[in-house]
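> I am attaching a structure below and will ask some questions about it afterwards.
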Amino acid sequence: MKILLIYCKVFAYSPTLKTLEIAEVNEKPASFENAQTAFIQVEAEDLEKESQVAKKLLKNIKWVCGKNNTKKVVLHSFAHLSESKADPEFSKKIFDNVQERLENVGYEVFQTHFGYFLDLKVDAPGFSLARVFKSF
């Protein structure tokens with residue numbers, strides 16, 4: 001798994017093109033303020049270590065949220081951090097699991113439209129922990 005964590009003063013998106021058959025029809029744009037975004041690449045080899053990668057993803061999101069003083073999280077599927085890609089159904093399962101687990105401990109969690117290309121607006125401040133990359 002690869003994750004790029006970007007703290008955003010503003011993160012907004014608008015769906016432009018549905019790319020996966022399994023994607024739910026949803027073309028509504030959304031915008032969030034003071035949110036921790038997680039650009040996530042679920043890799044094919046993650047299937048063998050599902051619980052480990054989910055646990056590490058949760059740990060990293062909680063850690064960076066604490067550093068950036070937010071409990072608002074946006075999960076974004078970003079299949080551009082690695083050449084290895086898990087199948088979409090498995091990736092979506094990871095996203096849904098992580099969302100549920102974060103919500104169970106008091107986080108406000110959103111997912112961008114899975115299976116769509118999106119126009120993005122990212123307003124990220126320039127301080128040390130505003131951008132963190134992890135690979136596991």
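The values are calculated or read from the model by the stated rules, or taken from the named source; none is laboratory data. Since we're looking at a predicted model, the values are computed, not measured. Here the Cβ positions follow ideal geometry from the backbone for every residue, glycine too, while neighbour counts run over all protein chains shown.
> Quick check on Cys65: is it in a helix (DSSP H, G or I) and among the hydrophobic types (A, V, I, L, M, F, W, C)?
Yes; evaluated as a whole, the condition is true for this residue.
Every residue, every condition in (1) farther than 18 Å from Val109 by Cβ; (2) among the aliphatic types (A, V, I, L, M); (3) outside any strand (DSSP E or B), yes or no:
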{"residue": "Tyr7", "(1), (2), (3)": "no, no, no"}
{"residue": "Ala23", "(1), (2), (3)": "yes, yes, yes"}
{"residue": "Asn34", "(1), (2), (3)": "no, no, no"}
{"residue": "Ser51", "(1), (2), (3)": "yes, no, yes"}
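> With respect to Val73, determine if the residue is aliphatic (A, V, I, L, M), within 22 Å of Pro29 (Cα to Cα) and at pLDDT 95 or above.
Against the criterion (aliphatic (A, V, I, L, M), within 22 Å of Pro29 (Cα to Cα) and at pLDDT 95 or above), Val73 qualifies.
> Hey, could you check the range 86-136 for residues that are farther than 22 Å from Lys18 by Cα, acidic (Asp, Glu) and outside any helix (DSSP H, G or I) and say which is farthest from the chain's Cα centre (by Cα)?
Step by step, filter the range 86-136, then rank; the result is Asp123.
> Still on this structure, please answer the following. Output yes when any residue across the range 79-96 is under 17 Å from Gly106 (Cα atoms) and either among the polar types (S, T, N, Q) or out of contact with any Leu (no Cβ under 7 Å at 6 or more places or on another chain) (or both), and no when none is.
yes
> Given the conditions (1) more than 26 Å from Ser14 (Cβ to Cβ); (2) surrounded by 20 or more Cβ atoms within 10 Å (Cβ to Cβ); (3) not acidic (Asp, Glu), report the number of the one that His113 does not fulfil.
Failed condition: (1).
> Can you tell me which condition Ile61 does not meet? The list is (1) modelled with pLDDT under 95; (2) surrounded by 18 or more Cβ atoms within 10 Å (Cβ to Cβ), and all the others hold.
(1)
> A further question follows. Among the numbered criteria (1) within 13 Å of the chain's Cα centre (by Cα); (2) of a type outside the set (Ser, Thr, Tyr); (3) part of a helix (DSSP H, G or I), which one does His76 miss?
If we test His76 against (1) within 13 Å of the chain's Cα centre (by Cα); (2) of a type outside the set (Ser, Thr, Tyr); (3) part of a helix (DSSP H, G or I), just (3) comes out false.
> Determine which single condition Glu83 fails, assuming it passes every other condition in (1) among the acidic types (Asp, Glu); (2) over 14 Å from Ile3 (Cα atoms); (3) outside any helix (DSSP H, G or I).
(2)
> Another question, if that's okay. Counting only residues that are crowded, with 16+ Cβ neighbours inside 10 Å and in contact with a helix residue (DSSP H, G or I) (Cβ under 8 Å, 6 or more places away or on another chain), which one in the range 42-57 is nearest to Ala23 (Cα to Cα)?
So, considering only residues that are crowded, with 16+ Cβ neighbours inside 10 Å and in contact with a helix residue (DSSP H, G or I) (Cβ under 8 Å, 6 or more places away or on another chain), the one nearest to Ala23 (Cα to Cα) is Val42.
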